[in-house]
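Structure, as structure tokens:
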Amino acid sequence: MMSLHRRVALSAALVLAAFVVLASVALEQAFRESAESARRERLLAQIYLLLGAAEEDAEGRLLLPEPLPEPRLSLPGSGLYAQVSGAEGALLWRSPSAVGIEVPFVDGLPPGTQRFERRADAAGQEYFVQSLGVRWAIGAHPRDLTFSVAEDPSEYLQQIRRYRTALAGWLAGLSVLLLAVLWLVLRWGLKPLRRVAAEVAEVQAGRQEHLRGEYPEELKLLTENINALLTHERAQQKKLKNALADLAHSLK
């Protein structure tokens, strides 16, 4: 049968393992949500920068200055892309970074509407896409526009992997530390039981007559009953010895 020490240690280790797994899942999910929220705010800030820089020429065409407020928008394949579309989805402007790339931008949003989501292109490549519908009042005729900015999630996925690796390392180190502390606590907590076992062995070997140690309240009843049993056993042995002595005397 498994020892009490091993049973308690195994139970505690299983509980600790379950806690570590649940904690890692919860912490990673919280980090993912925080990282996505940060990207949402960053992409929305890019939209506001484009809004502040956008102009309209004499023919009513939407213009954005060169260089763009965000240098990555001017670099092809940089991972950050932008588009401005009209109310019917007509393309009015697209950043140079999106040349030759089928980015799943959003169009046709009503004025004042924001949307942040993960969208995939025809090949299954996912993007973080932040879009904002605005009423463009500059010029002779107000019109509804949709500003949409997309970002490749590669950096986000790398950040998640780095966090997962660091989290696994910290949790593994913490688990080892907790197991070591648990082992020490178990040794300290079960020390009275080991003392009882040692004293019982001494009694069996005849080196002492009863248990003499001071024990916690939980073990006092056990040690007192053992001592009472030993006292009763000695009394019975003494009676038997006296009875045998009387019998031998009467036979003489």
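For the chain, report the % of Cα-Cα distances exceeding 22 Å. Cα-Cα pairs in the chain separated by more than 22 Å: 72 percent.
Exposure here means at most 10 other Cβ atoms within 10 Å; with GluC sites (Glu not before Pro) in a DSSP loop as sites, the longest stretch of the chain lacking them is 103-213. Annotation: extensible slack from residue 6 through residue 102 equals 28.5 nm (criterion: 0.36 nm per residue apart, minus Cα-Cα distance).
Computed over segment 135-197, the range of Cα coordinates on each principal axis works out to 97, 21, 11 Å, biggest value leading. Taking every alpha-carbon pair in segment 67-163 and binning the separations at 5 Å intervals from zero gives 3, 14, 21, 23, 19, 12, 5, 2, 1, 0, 0 percent. Using the Cβ-Cβ distance between residue 197 and residue 13 with R0 set to 22 Å, the FRET efficiency works out to roughly 0.40.
In the elastic network of the chain, a GNM with C-alpha springs shorter than 10 Å, the most mobile of 107, 57, 144 is 57.
Once the chain from residue 214 to residue 42 is taken as fully extended at 0.36 nm per residue, the excess over their C-alpha distance is 55.2 nm. Rg/Rh, computed from the Cα trace of segment 1-93 with Rh as the Kirkwood radius, has the value 1.45. Between residue 187 and residue 207, full extension at 0.36 nm per residue minus the direct alpha carbon distance yields a gain of 4.6 nm. Across segment 115-252, the convex hull enclosing all Cα atoms gives 265 Å³ per residue. Sorting 160, 101 by accessible area puts them as 101, 160; the probe is 1.4 Å, largest comes first, and only protein heavy atoms count. Looking at segment 55-163, the trypsin sites (Lys or Arg not before Pro) that sit in a DSSP loop and have at most 16 other Cβ atoms within 10 Å of their own Cβ are 61.
Distance between the pseudo-spin-label points of residue 178 and residue 31 (7 Å out from Cα toward the beta carbon): 1.7 nm.
Pairs of Lys residues in the chain that lie 8 or more places apart, or on two chains, and have C-alpha atoms under 25 angstrom apart add up to 4.
Once both labels are positioned 7 Å from their Cα atoms along Cα-to-Cβ, the gap between residue 162 and residue 237 label points is 7.5 nm. Label-to-label distance for residue 244 and residue 221 is 3.7 nm, based on points extended 7 Å past Cα in the beta-carbon direction.
Can you compute the label reach from residue 141? Point 7 Å from Cα along the Cβ direction, backbone N cut-off under 19 Å, restricted to segment 36-71. Correct set: 55-63. The heavy atoms of residue 113 present about 50 square angstrom of accessible area, all protein chains included, probe 1.4 Å.
The values are calculated or read from the model by the stated rules, or taken from the named source; none is laboratory data. Small disclaimer: the values here were computed from a predicted structure and weren't measured. Ideal geometry is used to build each Cβ from the backbone, glycine not excepted, and the neighbour counts take in all protein chains shown. Ligands, DNA and RNA are stripped out before the accessible areas are found, and what is left, the full protein with its side chains, is counted by its heavy atoms. Shrake-Rupley method; radii C 1.70, N 1.55, O 1.52, S 1.80 Å.
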